[in-house]
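Novice: Structure provided below as structure tokens; questions to follow.
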Amino acid sequence: MTSFDLGTPHLQMEQRGPLAYITVNRPDARNALTTAMYFGIKLACDRVNADPDLYGMVITGTGDVFIPGGEMSSRHTDGTFGIEPYLGGVDILHACGGNARCTTCRVEFIDGEPARHTVAERERLAFKGLSGVRLSCQIVCDHDMAVRAISRLAGSGRPDSGPKPQPFVEPPPEFV
Ligand code: FES
């Protein structure tokens with residue numbers, strides 16, 4: 001039996017013969033889906049579609065509830081939440097470590113800009129007098145987006161890009 005990492009401890013993916021089994025395992029929250037779990041299921045679909053030895057996928061759950069829907073609180077602490085980790089390999093600064101303070105992580109949106117902001121992002125952009133950009137550390141990566149990184153390590157004179165951002169939005173997000 002082969003297992004795959006879907007990026008969150010709340011999803012397990014195993015290959016059993018020609019089928020992939022995805023087990024939603026978050027019984028303490030009645031299996032409510034976090035953002036990382038949504039992306040994990042998308043990743044599982046991509047893997048099944050790309051593997052000629054897999055003919056289908058079964059999604060099952062632990063506990064007495066299958067999936068009631070999405071996590072409605074801010075308890076998205078199980079995996080990738082902000083856009084930052086999806087920029088892996090992209091030369092972009094994040095000097096404050098993803099805390100909505102430095103604005104070096106700002107990006108221009110080409111497509112898919114989310115309508116909502118965190119309060120921290122809105123206040124920091126206003127304080128710095130910045131418009132037409134967003135702070136990537138404050139963006140919830142819950143749909144496809146295209147962005148252009150603005151502040152790059154190359155040519156910045158900085159020794160590194162900055163502390164690694166957490167896999168969730170900080171400070172704890174309040175959206176407007
Ligand atoms: S504002 Fe500093 S990393 Fe986003």
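Novice: When you scan the range 129-136, do you find a residue that is farther than 27 Å from Arg75 by Cα and of a type in the set (Ser, Thr, Tyr), even just one?
Specialist: yes
Novice: Please find, within the range 99-136, the residue that is farthest from the ligand (Cβ to nearest atom) out of those that are part of a helix (DSSP H, G or I) and surrounded by 15 or more Cβ atoms within 10 Å (Cβ to Cβ).
Specialist: Among those that are part of a helix (DSSP H, G or I) and surrounded by 15 or more Cβ atoms within 10 Å (Cβ to Cβ), it is Arg122.
Novice: What about Ala32, is it under 17 Å from the mean Cα position of the chain (by Cα), buried (at least 18 other Cβ atoms within 10 Å of the Cβ) and at pLDDT 80 or above?
Specialist: Taking the combined requirement at face value, the residue satisfies it.
Novice: Same structure again: Given the criterion among the basic types (Lys, Arg), assigned by TED's automatic domain parsing to the domain that holds Pro171 and within 22 Å of Lys164 (Cα to Cα), identify the matching residue among Arg106, Arg116.
Specialist: Numbers: Arg116 fails: within 22 Å of Lys164 (Cα to Cα).
Being among the basic types (Lys, Arg), assigned by TED's automatic domain parsing to the domain that holds Pro171 and within 22 Å of Lys164 (Cα to Cα) holds for just one of Arg106, Arg116, which is Arg106.
Novice: I would also like to ask the following. Could you tell me how many of the residues in the range 137-151 are within 14 Å of the ligand (Cβ to nearest atom) and loosely packed, with under 14 Cβ neighbours inside 10 Å?
Specialist: Total satisfying the criteria: 0.
The values are calculated or read from the model by the stated rules, or taken from the named source; none is laboratory data. Remember, predicted model here, so these are calculated numbers, not experimental data. Please note: Cβ atoms are built from the backbone with ideal geometry, for glycine as well, and neighbour counts cover all protein chains shown.
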